[in-house]
Amino acid sequence: MSAFAPEVRSRLEVDAKEIIARYPRSRSALLPILHLVQAEEGFVSPDGIEFCAELLDLTTAEVAAVATFYTMYKRRPNGEYSVGVCTNTLCAIMGGDQIFSTLKQHLGIGHDETTEDGTVTLEHLECNAACDYAPVMMVNWEFFDNQTPESAVQLVDDLRAGTTVTPTRGATLCTFKQVSRVLAGFYDGRADEGPAAGPATLAGLQIFREQQESDEGKDGAT
Amino acid sequence: MTITLTPVLSRTWDEDRSWTLEVYERFEGYAGLRAALTKTPDQVTQIVKDSELRGRGGAGFPTGMKWGFIPQGGDKPVYLVVNADESEPGTCKDIPFMLANPHELIEGAVIASYAIRAAQAFIYVRGEVVHVIRRLQRAVEEAYEAGYLGTDILGSGYDLELTVHAGAGAYICGEETALLDSLEGRRGQPRLRPPFPAVAGLYASPTVINNVESIGSVPSILRNGAAWFAGMGTDNENPKMRSKGMTLYSLSGHVTRPGQYEGPMGITLRELLDLTGGVREGHELKFWTPGGSSTPLLTAEHLDVPLSYEGIAGAKSMLGTKALQIFDETTCVVRAVLRWTEFYAHESCGKCTPCREGTFWLVQIMRRLEDGRGDEEDLQKLLDISDTILGRSFCALGDGATSPITSSLEYFRDEYVAHLEQGGCPFDASAATLFQGSTTGAAAR
Ligand SMILES: Cc1cc2nc3c(=O)[nH]c(=O)nc-3n(C[C@H](O)[C@H](O)[C@H](O)COP(=O)(O)O)c2cc1C
Ligand code: SF4
Ligand code: FES
């Protein structure tokens with residue numbers, strides 16, 4: 001038996017069974033259940049691994065082999081906010097490298113380290129599919145577009161001061177644990193928050209609308 | 001001549017609450033599904049074949065043909081898996097698409113599932129985009145409530161379950177067979193082919209895997225007809241030498257107006273830059289990727305090459321995901337290539353030796369060169385190692401890792417040599433940033 005307290009375990013079991021029911025074969029539930037245990041503990045602990053193994057009839061070695069393969073599963077308690085800076089080539093060159101080194105200095109921590117107050121875990125990220133908003137940061141997997149070293153420092157200061165922070169394209173910031181629950185497939189009712197798109201997403205559409213207007217203008221003149 | 005944009009997938013993105021069913025239905029939402037359900041599954045597949053839609057996930061395989069490979073009438077269930085893992089560096093189209101209009105993808109998934117006779121479909125979305133996942137989750141809920149998913153869809157007798165599945169951070173899971181292993185609850189490592197997924201995919205059952213944009217294009221084809229779709233794009237007598245339909249071009253980097261531009265296949269980068277204000281003011285184009293970091297770099301010489309499968313192939317590169325990453329003359333190509341190489345080495349799943357060992361050594365040599373500790377022989381070593389990886393790796397990640405190296409050596413050998421001669425990087429990294437002068441920082445890693 002895993003070492004979760006009985007009431008925690010029975011609560012998680014209900015959720016885990018709901019996850020398993022979504023798939024034709026139970027093992028497919030492993031990734032979401034790992035997100036679920038991360039939502040409980042803020043990382044994937046040995047207890048969490050045992051819980052997954054028991055529920056899915058796997059060995060703990062099998063579960064651990066999967067958990068360590070994926071970068072989103074944390075092996076140590078994560079801060080309340082995962083603060084990621086994209087340092088893949090495009091963002092890095094546009095300023096991501098400078099942002100990341102500024103944050104390291106400002107927070108006094110390195111990659112995959114957490115501030116002493118437990119609020120911020122700093123990471124460098126690979127391309128997060130937002131290159132048209134470079135340089136890009138992600139906080140708890142929400143988009144913070146078009147960042148500068150100054151805006152990045154302000155952002156982490158706000159997070160540490162408990163000031164409400166709103167992503168550029170996303171919902172009001174949730175904690176790392178809350179977000180992990182969404183990743184496990186439990187919708188939190190926040191889809192209607194935030195915009196449909198940012199300016200770069202709409203750049204083509206906007207030019208198209210301008211083209212149309214000017215065509216109509218011409219038609220009107222003839 | 002200025003090109004005309006053709007917003008189809010993007011047509012609703014500037015509407016208030018564009019992600020909701022209510023808005024989507026005002027823009028012919030689910031009309032493509034209604035049209036599909038009046039036809040037989042094989043007729044739907046034929047329409048997609050006739051449209052000449054090719055996969056938008058990188059490889060450009062004909063979508064209708066892929067559906068046609070699914071053996072029918074066997075006793076195994078058939079699955080559709082939508083590849084929403086979007087992680088190829090530079091690629092940023094599927095994520096904003098799903099954020100703004102998840103319903104068009106869901107509609108496409110229902111049509112595709114109907115065509116291949118699947119009763120269960122999955123959307124495998126990368127985990128690092130929580131708001132996109134929320135929008136998908138809510139849209140799936142809405143689609144069930146409205147009878148577009150579940151049992152007896154729109155009274156047709158057709159049943160489909162659709163599950164949104166979040167990944168957990170691993171580029172390799174975008175490779176279709178690694179994605180299947182991941183969806184089965186395993187480490188995401190590519191599988192040996194054959195058997196191909198069409199025969200033995202998810203749970204060893206026949207499976208179609210398609211990119212978000214491919215599936216998202218299907219509703220418009222059903223609404224407007226195959227001829228409408230094939231009326232856009234490039235022409236040639238040989239079907240393999242033409243590219244049809246509209247597509248999302250993602251412009252990023254040192255440009256005046258980065259963003260998503262939906263236009264016909266076969267426009268040129270010059271046309272797109274002319275339309276959008278060009279390279280950032282006071283600078284000029286140095287190099288660019290046509291379709292993500294795994295597609296060989298191109299230069300200003302290639303501004304007039306049509307952005308089509310055949311056009312870019314003719315320039316010794318690949319259209320890939322149409323991720324147009326633009327770099328101006330302030331960018332050090334060695335630094336850029338080093339960072340991509342570090343990415344491939346980090347993301348190599350380790351299953352095969354050429355890629356695992358090769359990418360490791362490529363990083364060591366590239367680091368030496370960027371720091372000015374390399375020598376002339378290193379340039380040949382880069383090419384030799386690339387040669388061992390290319391075509392000998394188990395999956396296309398290994399091949400992709402060699403693209404930036406070999407293409408940059410082809411076009412910018414002098415710049416590598418300048419690093420050797422000067423004993424370091426001749427570029428000022430701060431000049432390449434968007435906030436030049438405000439901060440100077442050392443390299444991040
Ligand atoms: C390393 C690697 C990563 C890939 N990542 C993606 C991805 O994120 N999304 C995607 O659609 N295809 C990706 N692909 C391509 C898929 O293997 C596959 O060709 C594609 O999903 C098929 O869909 P399509 O025919 O609709 O393009 C990747 C391939 C490789 C080798
Ligand atoms: S080429 Fe690289 S990523 Fe692909 S299977 Fe081999 S080691 Fe894994
Ligand atoms: S390179 Fe940073 S989001 Fe793509």
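Report the extension gain between B:ARG367 and B:MET65 in nm, rounded to one decimal, defined as 0.36 nm multiplied by the number of residues separating them, less their alpha carbon distance.
Values: separation 302, 0.36 × 302 = 108.72 nm, distance 4.37 nm.
That works out to 104.3 nm of additional length.
Which shape class, rounded, prolate or oblate, goes with segment A:81-175 when its Cα gyration tensor gives a ≥ b ≥ c as root eigenvalues, a/c under 1.5 marks rounded, and past that a/b bigger than b/c marks prolate? Verdict is oblate for segment A:81-175.
Legend: calculated FRET efficiency, A:ARG209 to B:LEU383, from the Cβ-Cβ distance at R0 = 51 Å, rounded to 0.05, equals 0.60.
When the Cα gyration tensor is reduced to axis lengths a ≥ b ≥ c, the ratio a/c stays below 1.5 for the protein assembly as shown, which is therefore classed as rounded. Working note: Karplus 6.51/-1.76/1.60 with θ = phi - 60° gives segment B:55-64 the couplings x, 9, x, x, 8, x, 6, x, 5, x Hz, where Gly and Pro are set to x. Determine the distance separating the Cα centre of segment B:400-432 from the Cα centre of segment A:167-187; give it in Å without decimals. One Cα centre to the other: 40 Å. Under 5 Å from the amide H of A:VAL120 lie the amide H atoms of A:GLU80, A:TYR81, A:THR115, each residue being 5 or more positions distant or on a separate chain, with H modelled from the backbone and absent for Pro and chain starts.
With an a/c value of 1.5 or above and a/b not larger than b/c for the gyration tensor axes a ≥ b ≥ c computed over the alpha-carbon atoms, segment B:287-445 is described as oblate.
Between B:GLN436 and B:ASP304, what FRET efficiency follows from the Cβ-Cβ distance if R0 is 25 Å, with the result rounded to 0.05? My answer for the efficiency is 0.25.
When you filter the GluC sites (Glu not before Pro) in segment B:1-52 for DSSP loop state and at most 12 other Cβ atoms inside 10 Å of their Cβ, nothing is left. Grab the other residues whose beta carbon is less than 13 angstrom from that of B:GLU107, score K and R as +1, D and E as -1, and report the net. Counting the neighbours of B:GLU107, the net charge comes to -2. Bridging of B:LYS322 to lysines at a Cα separation below 25 Å is possible for B:LYS49, B:LYS66, B:LYS93, B:LYS240, B:LYS244, B:LYS286, once same-chain residues fewer than 8 apart are set aside.
Full extension of the chain segment joining B:ASP414 with B:LEU154 gains 87.3 nm, where the gain is 0.36 nm per residue of separation less the Cα-Cα distance. Less than 5 angstrom separates the built amide H of B:GLN120 from those of B:LEU80, B:GLU161, all sequence-distant by 5 or more or on a different chain. In this structure, the amide hydrogen of B:ASN211, modeled 1.01 Å from its nitrogen in the peptide plane, lies closer than 5 angstrom to those of B:ARG56, B:GLY57, B:ASN83, counting only residues at least 5 positions away or on a different chain. Counting heavy atoms of the protein chains alone, B:ASP42 has an accessible area of about 90 Å² for a 1.4 Å probe. Here the Karplus relation 6.51 cos²θ - 1.76 cosθ + 1.60, evaluated at θ = phi - 60°, turns the backbone of segment B:92-106 into coupling constants of 8, 10, 5, 5, x, 4, 5, 5, 8, 8, x, 5, 5, 5, 4 Hz, with x for every Gly and Pro. The modelled label-to-label distance between B:GLU284 and A:HIS111, using points 7 Å beyond Cα along the C-beta direction, is 3.6 nm.
Hey, what do the phi angles of segment A:118-131 turn into as Karplus ³J(HN,Hα) couplings, whole Hz, using 6.51/-1.76/1.60 and θ = phi - 60°, x for Gly and Pro? Karplus values, whole Hz, x for Gly and Pro: x, 7, 10, 10, 9, 9, 9, 10, 7, 3, 9, 6, 9, 4. Distance between the pseudo-spin-label points of B:GLU28 and A:ALA3 (7 Å out from Cα toward the beta carbon): 6.1 nm.
If you place +1 on the Cβ of every Lys and Arg and -1 on the Cβ of every Asp and Glu, how big does the dipole about the Cα centre of chain B come out, in debye to the nearest 20? Don't jump to the answer; show the numbers that get you there.
Details: 41 positive and 57 negative charges, 173 e Å.
Its charge dipole is roughly 820 debye.
Put a dot 7 Å past the Cα of B:PHE360, heading toward its Cβ, do the same for A:ASP157, and the two dots end up 4.4 nm apart. Of all beta bridges that DSSP places with both ends in chain A, some 60 percent have antiparallel geometry.
Provide the net charge surrounding B:PRO239, with neighbours chosen by a C-beta distance below 13 Å and charges set as Lys +1, Arg +1, Asp -1, Glu -1.
Values: positive: B:LYS49, B:ARG54, B:LYS240, B:ARG242, B:LYS244; negative: B:ASP50, B:GLU52, B:ASP235, B:GLU237, B:GLU310.
In short, 0.
With R₀ set to 22 Å, the beta-carbon distance separating B:ASP16 from B:TYR144 gives a calculated FRET efficiency near 0.40.
The values are calculated or read from the model by the stated rules, or taken from the named source; none is laboratory data. All of these numbers come straight from a predicted model, not from anything done at the bench. Neighbour counts are summed over all protein chains in view; Cβ atoms, including those assigned to glycine, are modelled from backbone coordinates with ideal geometry. These area figures cover heavy atoms from the full protein model, side chains too; ligands, DNA and RNA do not enter into them. Shrake-Rupley method; radii C 1.70, N 1.55, O 1.52, S 1.80 Å.
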